[in-house]
Structures are given as C-alpha cells and as structure tokens.
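Below: one structure, written as structure tokens.
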Amino acid sequence: MKEFILIIDDDKDICKLLGIYLGNEGYRYLACENARKAMDVLEHYQVDLILLDVMMPGIDGISACLKIRETNKMPIIFMSAKSEDMDIIQGLTAGGDDYVARPFKPIELLTRIKAQLRRYKQYNETKMPAHTLQVDDLTVDTQSRQAWVSGREVRLTRKEYDILEYMLRNRGQVLTMSQIYEAVWHEESFHSENAVMMHIANLRSKLNWDGVHPDFIRTCWGRGYQIWQTGE
C-alpha cells in the first residue's frame with residue numbers, strides 16, 4: 001500500500017493542488033485546514049509523512065510541529081513563503097525534516113517527499129522488534145498478542161489472533177482451511193470449513209475497521225487463504 005500523507009494547510013487551493021500531485025504518484029492523502037483537526041487525524045491514523053504550512057490561523061506550523069514531535073516521529077516537511085535563513089532554521093529546530101519555499105516546483109517537492117519516506121522506511125526497518133510482524137498498515141506484537149491497523153488497536157478473539165499470527169508467519173503461502181484449523185485448534189480437521197470461514201470473515205471485518213483498508217487476507221479459490229502485501 002502506498003504511504004499516507006497528511007497535508008496541514010489553511011489554503012484550500014494549495015491543498016487541492018497538492019492532492020493532485022500526490023494522487024498522480026499513487027499516494028494516499030488527507031488535507032486538514034488547521035492543526036487541531038490534524039491532531040485528531042494523528043490519533044486515529046498511521047501517517048507516514050506530513051506537509052505542514054508555517055503560517056496558519058490559530059496554532060501556527062512551528063507550534064504544531066513541536067506538539068506533533070511529542071508523540072510522533074514521521075517526517076515533516078515545512079512549506080512556506082518565508083524563506084529567510086532564520087525561518088528555515090526555526091522550522092528545522094522545531095523538528096522539521098525539510099523546508100520547501102513557495103512557490104515550489106512539483107517535481108522538487110515530490111523528490112523531497114520520496115527521499116524522506118525512503119529514510120523513514122529504512123529507519124523503521126532497523127527499529128522493528130524481533131517479536132513484531134508487519135504487512136502494510138497491519139502490525140502484530142507476538143509477545144502481547146495485540147494487533148494494530150494504521151496505529152489503531154484491533155480487538156481480536158483468541159482464535160482470530162491465532163489465525164492472524166499463523167498466517168503472518170507463513171506470509172505468501174496459500175494455506176488450506178485444514179492447515180489453518182490444525183495449526184490453531186490443534187486437532188485434526190474434520191468438516192472444519194465452516195469454523196475457519198467464520199473466523200476469517202470476522203477477522204477481515206475487524207482489520208478493515210474504517211472501510212478503506214485493503215483485504216489483507218486473500219482468498220485463493222479452491223485452495224485456501226493467503227496473507228499478502230499490496231504490490232505482491
């Protein structure tokens with residue numbers, strides 16, 4: 001799945017233009033007109049990068065960046081017509097990763113976005129604990145037996161969690177219903193199809209809690225199920 005980018009800017013025309021640029025590159029995005037709305041988005045979604053305007057009514061970009069940095073580590077790129085050295089220094093000191101002066105060229109902004117996302121991905125890969133399994137926005141902690149989608153915890157039953165972990169550990173493999181049943185229920189499968197199908201259906205519904213996430217579990221007709229990642 002393509003990365004999710006949050007735009008924080010009170011200029012609707014700029015947001016619309018940025019949306020076109022990002023959409024053409026396949027990125028998912030959401031625009032907020034002020035920092036307060038953006039904070040709410042960060043509470044519910046896993047954001048991979050933020051495009052942040054400096055001059056906004058209410059909470060300005062610098063103050064917003066300081067607040068975001070209290071709990072988040074994703075790249076933040078400032079966008080501003082203020083391009084003096086002290087303005088740039090102030091933005092980077094507040095926690096920004098890059099600073100783009102307006103008016104900017106689309107190709108330049110997209111290049112900077114890709115560079116920041118690449119560094120962030122490399123950082124996350126080196127920081128991923130050994131007991132963590134991840135596919136796209138789906139993350140599972142095998143020690144605490146918890147699952148998250150886009151940073152939001154998904155409440156699973158014991159069997160649902162066991163199925164999910166088993167499939168993640170065998171990611172890419174097509175698993176028959178008999179294999180899943182025997183691995184999770186620890187007994188021979190005998191007319192077990194209904195039990196597996198019911199739990200898979202419930203699991204899919206919970207993982208797509210907001211109606212916009214992909215179906216992490218692929219049905220391979222006549223064979224079984226498979227955990228897959230977008231692009232595979």
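The values are calculated or read from the model by the stated rules, or taken from the named source; none is laboratory data. Computed from a prediction, not measured in an experiment: that's the story for all the values here. Cβ atoms come from the backbone with ideal geometry, glycine included; neighbour counts cover every protein chain shown.
Listing for the model above:
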read-out: Criterion (in contact with a Ser or Thr (Cβ under 8 Å, 6 or more places away or on another chain) and either of a type outside the set (A, V, I, L, M) or at pLDDT 90 or above (or both)) met by exactly one of SER189, SER205; value: SER189
read-out: Filter result for GLY95 (in contact (Cβ under 8 Å) with a residue 24 or more places away in the chain, on the phi > 0 side of the Ramachandran plot, exposed (fewer than 13 other Cβ atoms within 10 Å of the Cβ) and of a type outside the set (Val, Ile, Thr)); value: no
read-out: Candidate set from region 1-19 (those that are assigned to a helix (DSSP H, G or I) and in contact with a helix residue (DSSP H, G or I) (Cβ under 9 Å, 6 or more places away or on another chain)); member that is surrounded by the most Cβ atoms within 10 Å (Cβ to Cβ); value: LEU18
read-out: Answer from ASP53, ASP40 - the residue that is in contact (Cβ under 8 Å) with a residue 40 or more places away in the chain and among the charged types (D, E, K, R); value: ASP53
read-out: Region 152-167: number of residues that are of a type in the set (D, E, K, R), in contact with a Lys or Arg (Cβ under 9 Å, 6 or more places away or on another chain) and touching a residue at least 24 places away in the same chain (Cβ under 8 Å); value: 3
read-out: Residue match in region 168-175 (condition: at pLDDT below 90, among the aliphatic types (A, V, I, L, M) and closer than 26 Å to VAL47 by Cα); value: no
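Conditions tested, residue by residue: (1) assigned to a loop (DSSP other than H, G, I, E, B); (2) farther than 15 Å from LEU17 by Cα; (3) assigned by TED's automatic domain parsing to the domain that holds TYR27.
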| site | (1), (2), (3) |
| --- | --- |
| MET74 | yes, yes, yes |
| ILE88 | no, yes, yes |
| LEU92 | no, yes, yes |
| PHE104 | yes, no, yes |
| THR111 | no, yes, yes |
